[in-house]
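Please treat every number below as a calculation from the coordinates, not as lab data. If you're wondering where the values come from, they're calculated on a predicted model, not measured in any experiment. Virtual Cβ from ideal backbone geometry, glycine too; neighbours counted across all protein chains shown.
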Amino acid sequence: MNKIINDFSITVGTKNGSGSSTANNTILRSIFKMGIPVSGKNLFPSNIQGLPTWYTIRVNKDGFIARQEESNIVIAINPDSFAKDLASVSAGGAFFYSDDIKLGINRTDIAVYPLPIKSLVRSDQSIPNDFRDLVGNMIYVGALAHMINIDLEMIHTALSFHFKGKQKPIDMNFSMVKMGAEYAKNNFEKKDPFYLEPMDATKDLIMSDGNTAAAIGSIFGGIQFAAWYPITPASSLAESVIQYLPTLRKREDGKQTYAVVQAEDELAAIGMAIGAGWAGLRAMTSTSGPGLSLMTEFAGLAYYAEVPVVVWDVQRIGPSTGLPTRTSQADLTFAYHIGHGDTQSVILLPATIDECFEFGWKSFDIAERLQTPVFVLSDLDIGMNQWMSKPFQYPDTPMDRGKVLWEKDLEELKGNWGRYLDKDDDGIPYRTIPGNKHPASAYFTRGTGHDEYAKYTEDSATYIRNMERLKKKYQNAKNFVPTPILRETKGATLGIIAFGSTENAILEAQHLLAKEDGIKTDFLRLRAIPFADEVGEFIEKHEQVIVVEQNRDGQMHQILVTNYPQYAMKLASAVNFDGLPASAKWVREGILAKYSASGKKTSAKKKAEGAKPSRTSKKEASKKSAIKQKKK
């Protein structure tokens with residue numbers, strides 16, 4: 001049996017609320033500490049506890065860490081999902097299970113390893129009764145570690161990190177790990193091909209989830225006020241802000257330079273944040289789709305009154321409550337037009353943990369420079385799952401407060417300014433901040449019609465001037481938002497456009513398309529709306545461009561067609577909306593379907609057709625032969 005080293009997937013099937021999270025993250029971090037590229041994804045139900053939960057770990061020596069649809073190693077601890085877990089193991093794979101599950105195993109094409117988890121835990125009298133079910137998960141951690149060659153020291157390091165050095169829980173859990181490893185050593189004969197070997201691919205990387213990265217980035221960006229209301233999958237972003245602010249924003253006199261408020265609902269949360277933004281604070285809120293719906297009226301106010309505020313939308317599946325614990329990219333169109341009337345939003349689209357951090361601070365600069373709401377669209381896969389990243393870098397540019405007039409500025413202007421007056425012909429007016437002592441600094445903020453000097457008016461011509469200026473400001477916004485990232489392949493004629501968490505799956509799909517199908521592709525990853533000039537240039541350059549995204553209606557495809565109608569026939573849409581993190585398999589299949597539909601043929605198809613003529617071609621050849629004979 002040939003060994004398969006550092007290239008397989010692990011799935012753990014347990015129950016929600018069973019305490020398996022610690023065990024699964026311990027496996028993930030141990031592999032990461034071995035220097036092996038790895039990612040972990042939690043597929044959990046939206047109820048509090050009791051329903052089946054799965055955790056998948058992807059190990060790949062080449063760095064392809066998108067979700068793999070195939071499960072090579074499965075650990076089944078939940079009787080309710082046992083049959084499904086057993087059926088999911090790939091041929092030649094390994095199946096670990098708790099032997100108190102008295103269900104038959106009818107497969108002979110996999111290696112089977114029964115674990116007496118409950119009896120092993122009971123054998124250790126030092127474990128309190130109410131902890132036994134929780135620490136029992138560490139039995140499968142130890143058994144798996146022995147079978148695939150995870151160094152137990154790495155396990156201990158991971159436990160120390162998780163329990164923040166608290167010796168008692170570390171010792172209790174590690175004793176179970178050792179017990180599981182010892183049992184596997186004495187009772188299991190290795191019958192599967194999967195092994196780990198140390199690498200150095202992760203030595204300069206960190207591991208984090210996107211919500212934590214966004215929170216830290218916001219703190220580095222000078223956040224002064226945050227308001228929020230709990231909602232999955234965005235809650236942990238605000239919770240991380242609360243966790244890290246006291247450490248990262250310390251003053252010697254002990255006073256706080258920030259405020260975080262849990263509001264009574266999402267409407268109140270964005271209202272508070274907009275009020276803080278109007279008062280000159282760097283303010284934000286975080287939510288998901290249903291919360292964003294409630295924020296619509298205030299978002300429109302901030303757009304028209306030109307108040308800077310940052311809104312993080314960690315997307316999940318809708319409509320309505322939908323699948324609250326599944327990932328999606330379906331809030332895009334809504335965020336793009338949020339408000340009432342002719343609004344267009346500035347949107348940032350992070351795809352990596354590092355970008356979650358970067359956009360955490362950069363979003364404040366953009367919001368204040370443009371004096372407008374900035375929406376950062378993450379999703380559950382980025383926000384709540386663990387990803388590798390390069391270490392976060394402190395912002396290397398000064399904080400950009402935008403066009404703010406202070407007392408000295410107003411004195412020089414001798415009061416000759418207007419809150420909504422475009423003096424620089426870029427659509428962006430000047431503003432003052434409450435507390436400015438100059439008598440000319442005051443203006444009246446309103447969401448109704450106003451002229452260049454913030455005075456109430458319903459004059460049609462004045463309204464048109466204001467709206468045209470807002471449109472100009474939006475068009476100029478492309479000079480301040482992050483530009484797309486282009487990955488080119490020599491000789492490519494097919495282009496791929498995507499955004500957000502699909503990136504890893506697309507990079508792997510590109511590799512497969514080139515290797516298996518002979519299709520070379522270029523990949524443009526969008527990072528913001530409005531679009532940079534490079535987007536139109538990319539579409540123009542390619543014979544066909546396929547837009548890959550995770551929503552039913554191809555929302556980014558629609559927005560691109562609206563912005564580039566001259567290229568509409570070049571653009572095709574490949575979508576997936578099952579709520580699962582993107583995989584290279586569905587990206588490849590989606591691209592092949594659209595590529596075939598356009599009349600193109602892969603090299604594999606061309607070869608096959610060259611080797612074996614079709615019935616039509618034989619018939620035509622016979623007909624031509626008969627005509628020749630007749631002529632003779």
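Could you calculate the FRET efficiency of Tyr195 with Glu297 from 1/(1 + (r/R0)^6), where r is the beta carbon distance between them and R0 is 51 Å, rounded to 0.05? The partial results should precede the final answer.
Numbers: r = 57 Å, r/R0 = 1.13.
Efficiency for this residue pair is about 0.35.
Which residues among the range 516-554 fall inside the zone where the amide N is under 18 Å from a point 7 Å beyond the Cα of Thr483, along Cα→Cβ? It comes to 523-541, nothing else. Amide hydrogen proximity for Thr372: with H placed 1.01 Å from N in the peptide plane, the residues at 5 or more positions away or on another chain lying under 5 Å are Val309.
The slack in the chain from Phe161 to Ser596, taken as 0.36 nm per residue of separation less the alpha-carbon distance, amounts to 151.7 nm.
Taking 25 Å as the limit for the C-alpha separation, the pairs Lys61/Lys390; Lys362/Lys455; Lys255/Lys390 exceed it in the case of Lys362/Lys455; Lys255/Lys390. Between the amide H of Ser573 and those of Val547, distances stay under 5 Å, these residues lying 5 or more places away or on another chain, with hydrogens modeled in the peptide plane. Ranked by the mean number of other Cβ atoms within 10 Å per residue, highest first, peptides 489-501, 450-462 order as 489-501, 450-462.
Give a residue-ordered list of calculated ³J(HN,Hα) values for the range 113-130 (Karplus: 6.51 cos²θ - 1.76 cosθ + 1.60, θ = phi - 60°; whole Hz; x for Gly, Pro). Going residue by residue, I get 10, x, 10, x, 4, 5, 5, 5, 5, 5, 6, 9, 5, 6, 7, x, 4, 6 Hz, with x marking Gly and Pro. Evaluating 6.51 cos²θ - 1.76 cosθ + 1.60 at θ = phi - 60° for every residue in the range 464-480, the Karplus couplings come out as 4, 4, 5, 5, 5, 5, 4, 5, 5, 4, 5, 5, 6, 4, 4, 7, 10 Hz, glycine and proline recorded as x. Listed here are the pairs Lys490/Lys515; Lys166/Lys190; Lys15/Lys102; Lys33/Lys166; which of them are more than 23 Å apart at the Cα? In this structure, Lys166/Lys190 exceed 23 Å between Cα atoms. Applying 1/(1 + (r/R0)^6) with r as the Cβ-Cβ distance of Gln558 and Trp406 and R0 = 51 angstrom yields a FRET efficiency of 0.70. Structural descriptor for the chain: relative contact order 11 percent, calculated from alpha carbon pairs under 8 angstrom and at least 6 residues apart.
Quick check on the range 4-195: what are the equivalent-ellipsoid semi-axes from the Cα gyration tensor, as sqrt(5λ), descending, whole Å? All intermediate terms of the calculation are to be shown ahead of the outcome.
Details: eigenvalues 100, 79, 58 Å².
Semi-axes (√(5λ), whole Å): 22, 20, 17.
Summary of packing: across the peptides 550-556, 255-261, the per-residue average of other C-beta atoms within 10 Å ranks them, highest first, as 550-556, 255-261.
Couplings 3J(HN,Hα) of the range 137-151, computed from phi: 4, 6, 4, 5, 4, x, 5, 4, 4, 5, 6, 10, 6, 8, 5 Hz, in residue order, whole Hz [Karplus 6.51 cos²θ - 1.76 cosθ + 1.60, θ = phi - 60°; x for Gly and Pro].
What FRET efficiency would be calculated for the residue pair Gln243, Thr333, taking the C-beta separation as r and a Förster radius of 35 Å, to the nearest 0.05?
Values: r = 33 Å, r/R0 = 0.95.
So, using R0 = 35 Å, E works out to roughly 0.60.
Here the label points at Gln256 and Glu537, each 7 Å from Cα along the C-beta direction, are separated by 4.7 nm in the simple model.
Annotation for Met467 and Ile206: the two label points, set 7 Å from Cα along the Cα-Cβ direction, are 4.6 nm apart. Within straight-line reach of Lys478, meaning a Cα separation under 13 Å, sit the following aspartates and glutamates at least 8 residues removed in sequence or on another chain: Asp426, Asp533, Glu534. Relative to the globular-protein estimate of 2.2 N^0.38 Å, the Cα radius of gyration of the chain stands at 1.12. The Cα center of the range 115-149 and the Cα center of the range 376-415 differ in position by 47 Å. For the chain, the 222 nm mean residue ellipticity estimated from helices alone, with every DSSP H stretch of n ≥ 4 adding -39500 (n - 2.57) and the total spread over all residues, rounds to -12000 deg cm²/dmol.
Give the relative contact order (percent, whole number) for the range 208-389; include only Cα pairs under 8 Å separated by 6+ residues.
Here the relative contact order equals 31 percent.
With each label modelled as a point 7 angstrom along the Cα→C-beta vector, the Asn187-Asp80 pair spans 2.6 nm. If the segment from Ala568 to Glu69 were pulled out straight at 0.36 nm per residue, it would be longer than the present Cα-Cα gap by 176.4 nm.
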